[in-house]
Amino acid sequence: MTEFLSFATPGLPYGCVFALLGIGLVLTYQTSGVFNLAFGAQAYASALVFYECVAHGWPKPAAFVVSVVVLAPVLGLLMDRGLYRFVRTKPVLVKLVAALGMLIAIPAVFEIVFPAGNLYSPPSLFLSPSVVYFHIVGDPINGIELSTVVLTLLVVLLLSVMFHFTQIGLRMRAMAESPRMVELAGVDADSVGMASWMLSSLLAGLAGVMLAPVFGDLQALNFTTLLVAAIAAAAAGSLSSLPYTFLGGLLLGIVGELLSGYLPSGQVLSSGLRPGLPFVVLLLLLLFLPGLRRRWTKVNDPLAGVDPPPAPLVSASRDRSLRRRSRIGAGALVALFVVSSLTWVSPSWVFNLSQALALAIIFLSLVLLTGMSGQISLCQATFAGVGAFTAGQLAAHFNVSVLAGIVVAAVVAGAIGALVALPALRLGGLALALATLAFGLLADNIGFQYSWSGNGQSGISIPRPSLGPINFSDGRAYFCLIVVILAICILVVSAIRRGTTGRQLAALRGSELAAASIGINPTRAKVLVFSVSAAIAGVGGAVYGSLELGASANDFNTLLSLVFVVVVATVGVYTVDGAVGAGLAYVVLNVALSGNLTLRWSNLLEVIFGLGAVVYALHPEGAVEYVKRLTLERFTRRGIETEVLA
Amino acid sequence: MSGLLEVAGVSKRFGGVSALNDVSLEVAEAEAVGLIGPNGAGKTTLFDCVSGVTVPDRGDVFFGGRRLGRAPIYKRARLGMGRTFQRLELFAGLTVREHLEVSERERRADGRLWKDLLGRGGIRLEESERVDETLKELGLESVAGSPIEALSLGQGRLVELGRALIREPSLLLLDEPSSGLDSRETAALASVLNELRARRPISVLLVEHDLELVHAVAERVVVLDFGRVVSSGPLAAVLQEPAVQEAYLGATL
Ligand SMILES: Nc1ncnc2c1ncn2[C@@H]1O[C@H](COP(=O)(O)OP(=O)(O)O)[C@@H](O)[C@H]1O
Ligand SMILES: [Mg+2]
């Protein structure tokens, strides 16, 4: 009993925080239709500001008021008014990218404002974490356990009073449980939405400040991954029941600590399972909770209207001669680019450009998946990792040439992609995104830790390929090879777009029901494209790993997957040039910013792409299409003018 | 079994609403049957049960002698069912032509990923010719290249009809094809359907409020009210029956 308790009680702070964040997720999802992946980032922001205030000698109550009572709701309100309210009727992808942009931008912005570097041992709110206050059946209860439990109980008490007795609370609860009914009853959804954003953000801020002392140092990553547990909690409540969400969160926290207590230590599975538990639970819930499945397939988005059709691509509206001219122009540009890289460009920039093109291959997988088929994957970096590790392990253990390894990498990544997609696809957009997120995090924590795959932090080495007499260890030679591989991948994607599969996907995007009514098997088409997309990501990962001569689990972590989605969406997810542009933009900005800026401003890249995501949410065509449209308009206007003159 | 389509004792409830209650009907090979009844009678729900959009609570649907059970929509389409939708279901973002091209490719059922990858997935000449033919039959040539969003409701219905027809179904389920069409367009639709049926044997189940169109196309009608079959037979005779008059009067009152 004492042993059980001593394992269970350290889970209480986690459980309370999962529960509070989960409640926030459910509230805002139901009242505004946005699944706010940024709550973890908001928790981090409040924790950071609390830390800074206390470090500057403020009394803790004042720091608490500023960081939690004021900052957190204001942040939530800003996000709702400035961004989320504009996307509530947009497709799932758009909402998700908007939330991901916030997830990436918020920590970066706060780290620019408070550039303190490593922040060790964050202060506790009111009880000391190292002091034992009393024992329950012999189990010591320390300050953080006591304070989180007391605070959470207090919050739950206040919430239930609010949900049962105040008008706005009743409306929020009603809306969480049945949004349509409330709208029919004539309640102003906007004001209820605002109130629930502020409340949920307050909960997130409180959770952040409460939990901070549990971590040795204050890092954004600790908080953003909390969110998956919160999602699992929300899933346990079928995304609508607040009490079940609360219970789910609490249990998840406690069971996680129990596992780490009882499982034998020192093995990958047991050390990975505790942090991996929320993802396992989330995956299982998504796949096997029938109520959840029904809810997710029926009311995929409580407030979403009909998806507006995507604007036709600029290339569709260009006339023949203009198209030919732009094709010649693009060809010349590519030739110039390649020739320059082979001659006067410095070796370090050849390396950078190689990186950009290797990334472009990975980004291309998103153009295929998201742009063409409207699906969302938050684990493309994981598939890239699968590719890289496959090629590396084959080279190390079976002496397989890396070029052959890349082909095998595509097959393995494609097969794993199909396995991930097959069960998750029935659930539709948001659930697929969450399932892939859980899968990616599981790979980070467990899959890539084994020595036979990614070998954890230490990683594995991946040699450069060679082909007969040609050895690609020379930078320029490998650059050429990457150009060729990228070109092949581009051909694959365009061939799919022009072929039967591409037209089937276009039809499915338009109306799945009608597509099925003419004999298209929706699941087959989607699994197929998901698998091909994973394969392309695998190729990109293998190429990238070989360029770097090695890769570790860190190089392909899930946070990177999120960044990838945001970057590609910002630059252009509908066209092949979007992927190439995204690769170039990502690397060039990275080099420019990290080379010339102090640590403080190195976060600027994240801010830029975070804001890019916001722009994307408001104008989903992406930067590349936008520029093309502008030039097309210029050209056609000039054409009309010349006609008039003649 | 005699009929191409046999609906045997199908029931379907939505919460407290009994949308279909022990409905049985039959459509023979090459026969056109009208399905009429007031709004909310369960006509669309019956179509959904037949085409696989929903699974009936009780009862069975047989098609060409095969029990369909829980067969998904696309499998039923491949067996030879085509349908249109009361609330238009068009492929947003595609042109009229592309609607027909997708469907024509599905009829041939020879699209494969590896063919796409070899660059052999484009539209072929024979396909293009069939699409042209269908466009002409339906009078849609002038809008062939237009995006679907630019079309009127009536034209949209014709595109849905063409998309179903180009697959050469043996059973065509039409859900209120004339709503949104003016009287001239409705007459044109009737002649398109009749010409089609004169050319090759195709069974039609037609849900329609415009009794003139029903009269022009269907050999007999089945009347549905509150999810039950209240009458069936030739249109003129059925309309004389008190139960039918009551159903319609009840609806118009
Ligand atoms: N998906 C659904 N959920 C709930 N009720 C439904 C649903 N579809 C149809 N109904 C109900 O079933 C009944 C029959 O509807 P429907 O088949 O559309 O009638 P009709 O096509 O004859 O006008 C109506 O009362 C309708 O409200
Ligand atoms: Mg109807």
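Dipole size of the stretch A:1-94 about its Cα centre, with +1 on Lys/Arg Cβ and -1 on Asp/Glu Cβ: approximately 420 debye, rounded to the nearest 20. Counting neighbouring beta carbons within 10 Å and listing from fewest to most, the residues A:Phe114, A:Phe472 come out as A:Phe114, A:Phe472.
Computed from the Cα positions only, the extents of chain B along the three principal axes stand at 61, 40, 34 Å, in decreasing order.
Put simply, the C-alpha atoms of the stretch A:61-135 give a gyration tensor, and the ellipsoid matching it has half-axes of 33, 16, 14 Å, longest first.
Scattering from the protein assembly as shown was approximated by placing one identical point on each alpha carbon and applying the Debye formula without solvent; log10 I(q)/I(0) at 0.05, 0.06, 0.07, 0.08 1/Å stands at -0.34, -0.48, -0.65, -0.84.
For B:Glu149, B:Glu89, the sequence from fewest to most other C-beta atoms within 10 Å is B:Glu149, B:Glu89. The angle between the Cα long axis of helix A:402-424 and the main principal axis of chain A comes to about 50°, on a 0 to 90 degree scale.
Which Cα, out of B:Ser231, A:Gly329, B:Leu135, lies furthest along the positive dipole direction of the protein assembly as shown (beta carbon charges, K/R +1, D/E -1)? Checking the options against the dipole of the protein assembly as shown, the answer is A:Gly329. The mean number of Cβ atoms from other chains found within 10 Å of a Cβ in peptide B:92-98 is 5, as a whole number. Dipole size of chain A about its Cα centre, with +1 on Lys/Arg Cβ and -1 on Asp/Glu Cβ: approximately 2000 debye, rounded to the nearest 20. Across peptide B:80-89, the mean count of Cβ atoms from other chains lying within 10 Å of each residue's own Cβ comes to 3.
The C-alpha atoms of chain A define a longest principal axis, and helix A:500-510 lies at about 40 degrees to it. Shown for the stretch A:328-633 is the translational diffusion coefficient from the Stokes-Einstein equation, using the Kirkwood radius over Cα pairs, a temperature of 37 °C and a viscosity of 0.692 mPa s: 167 µm²/s. Note on the protein assembly as shown: dipole from Cβ charges, positive end direction compared against A:Val161, A:Ser531, A:Ala395; the farthest Cα belongs to A:Ala395. Residues A:Phe18, A:Phe215, ranked from the fewest to the most other C-beta atoms within 10 Å, line up as A:Phe215, A:Phe18.
Looking at the protein assembly as shown alone, DSSP beta bridges between its own residues are antiparallel in about 65 percent of cases. Counting, for every residue in B:116-124, the Cβ atoms of other protein chains within 10 Å of its Cβ and taking the mean gives 5. Against chain B, whose longest principal axis comes from its Cα atoms, helix B:183-199 is set at around 80 degrees.
Considering only A:Ala551, A:Phe64, A:Gly540, the residue lying farthest towards the positive end of the dipole of chain A is A:Gly540, judged by Cα position with unit charges set on Cβ.
When chain B is treated as a GNM with alpha-carbon contacts under 10 Å, the residue of B:Phe91, B:Phe63, B:Phe226 showing the greatest mean-square fluctuation is B:Phe91. Only DSSP H runs of four or more residues enter the estimate; each adds -39500 (n - 2.57), and after division by the residues of chain A the mean residue ellipticity at 222 nm equals -23500 deg cm²/dmol. Partners of B:Lys12 within straight-line reach, counting lysines whose Cα lies under 21 Å from its Cα and excluding those fewer than 8 residues away in the same chain: A:Lys298, B:Lys43. Counting only Cβ charges, +1 for Lys and Arg and -1 for Asp and Glu, the dipole size of the stretch A:328-633 around its Cα centre is about 520 debye.
Only the coordinates and a few stated rules stand behind these numbers; no lab work does. Quick caveat, the model's predicted, so the values are computed rather than measured. FYI the Cβ positions are ideal-geometry reconstructions off the backbone, even for glycines, and counts take in every protein chain you see.
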